[in-house]
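Engineer: After the structure tokens below, expect a handful of questions from me.
Derivation of every value follows stated rules applied to the coordinates shown; laboratory data play no part. Keep in mind it's a predicted model, so treat the numbers as computed, not measured. Here the Cβ is made from the backbone with ideal geometry for all residues, glycine too, and neighbour counts use every protein chain on show.
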């Protein structure tokens, strides 16, 4: 059943109470829409006032499999009743199966599990540097990794140190050296930045946080060719674009590119539990030895059980193919239907779409929430649309009607 609101989006007593309590003791590092979600299922969420919304953010692509997917709930609860955490001081029954399933799904040789996306990016950076020193022969402590303007790879001090966004960096320095930033989509600039100390290129196939910025066709292939030519590692951060979001297993698949290291997270556990991983070549990840890297919770049995089932759901329900089919049609529809004078561009791939505006997007997101569609602005003037991959054609049509009311 599709939703219509019976109450205006306003700070009623129950909503206001939750917001006041959160604001009183919670750090204000986010600017959420003023609604309080209480229940979720599939592509829909319900707030504490009983209003239903079509979720077109999907927790920044963490719930590709839909909210509270029954198979994931079952995997979580069954494993939680057996054992949740052993640390990596001991082996557990779930880690091997998870690593096997993820390596097979990704077409890679080795898996290093972590918890959050930022941890996985940090892990890939460490792996690339160690490979640079031990295999390529880069001078000690001189390794460089090429990154891109507009990047978003996480929030650690190392990662924000090579961001081009002042808001991510302000008053958090000093920052670690070893990163060279070049324009996104410019293969010539990449080649010009390579030195004897370069060991890797770290790239998002689509820059999601930067506003769903898509590089020129052939850019990823050019990066892969450059890495082969100069003996570099290609690291693809597919934390948001991977696991079916763009209509392929990974966004790199659109150009038939296989990175040396894949960084994964978010939908790897279907939004049930923090699970991330670096997946890649054995001769790179195999350079870690006991004591060189670790995580108490990384590879824990609860996370492994849930993530293995999340991968199975993607395949059994053909969610990758679903994103490709529905996304292409939705993009075509929105490009034809949205005519607001503030619109600059409507773009995307699979079920990762964006509406770029000439003015701040916040008021449009608030208006859409009034109509029952949840989305969020990014970089001020871009509305990102990324519903769970279980969304139906009927639900997308319903969302389109609300989008037209606000942006038509």
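Engineer: In which sequence would 283, 47 go, from the one with the fewest C-beta neighbours within 10 Å to the one with the most?
Structural biologist: Listing 283, 47 from fewest to most nearby Cβ atoms yields 283, 47.
Engineer: Angle between the Cα long axis of helix 219-230 and the longest principal axis of the chain, 0 to 90 degrees, nearest 10?
Structural biologist: Tilt relative to the chain: about 10 degrees.
Engineer: Then there is this: Which angle between 0 and 90 degrees, to the nearest 10, do you get for helix 319-337 versus the longest principal axis of the chain when only C-alpha atoms count?
Structural biologist: With rounding to tens, the tilt is 60 degrees.
Engineer: Indicate the gyration tensor shape class of the chain (rounded, prolate or oblate), computed on the Cα atoms with a ≥ b ≥ c the square roots of the eigenvalues: a/c under 1.5 is rounded; otherwise a/b larger than b/c is prolate and the rest oblate. Intermediate results must be reported in sequence, preceding the final value.
Structural biologist: Values: a/c = 1.69, a/b = 1.34, b/c = 1.26.
It is prolate, given that a/c is not under 1.5 and a/b is the larger ratio.
Engineer: Tell me, what is the percent relative contact order of the chain, built from C-alpha pairs under 8 Å that lie six or more residues apart? Mind dumping the intermediate values first?
Structural biologist: Working: 816 pairs, mean separation 96.5, N = 408.
Worked out over the chain, it gives 24 percent.
Engineer: Rounded, prolate or oblate, given the Cα gyration tensor of the range 220-331, with a/c below 1.5 counting as rounded?
Structural biologist: Cα axes put the range 220-331 in the oblate bin.
Engineer: Taking the chain as a Gaussian network, where each spring joins two C-alpha atoms under 10 Å apart, which residue of 308, 358, 21 fluctuates the most?
Structural biologist: 21
Engineer: Quick one: helix 393-407 against the long Cα principal axis of the chain, what's the angle to the nearest 10°, folded into 0 to 90?
Structural biologist: Rounded to the nearest ten degrees, it is 70.
Engineer: Determine, for 379, 153, 67, the number of other Cβ atoms within 10 Å of each Cβ, and report the residues in order from fewest to most.
Structural biologist: Starting with the residue having the fewest Cβ neighbours, the order is 379, 67, 153.
Engineer: Something else now. Counting helices only, and only those DSSP H runs with n ≥ 4, report the 222 nm mean residue ellipticity of the chain as the sum of -39,500 (n - 2.57) divided by its residues, in deg cm²/dmol to the nearest 500.
Structural biologist: Working: 14 runs with 145 residues, N = 408.
The helix contribution divided over the chain gives -10500 deg cm²/dmol.
Engineer: Further, regarding this structure: Where does each of 366, 49 land when they are ranked from fewest to most other beta-carbon atoms within 10 angstrom?
Structural biologist: Ranked by crowding around the Cβ, least crowded first: 366, 49.
Engineer: Work out the FRET efficiency for residue 188 and residue 166 from their Cβ-Cβ distance, taking R0 = 22 Å, and round it to the nearest 0.05.
Structural biologist: Once the sixth-power term is evaluated, E becomes 0.25.
Engineer: Roughly how many Å is it from the Cα centre of the range 82-157 to that of the range 279-329, as a whole number?
Structural biologist: After rounding, the separation between the Cα centres reads 11 Å.
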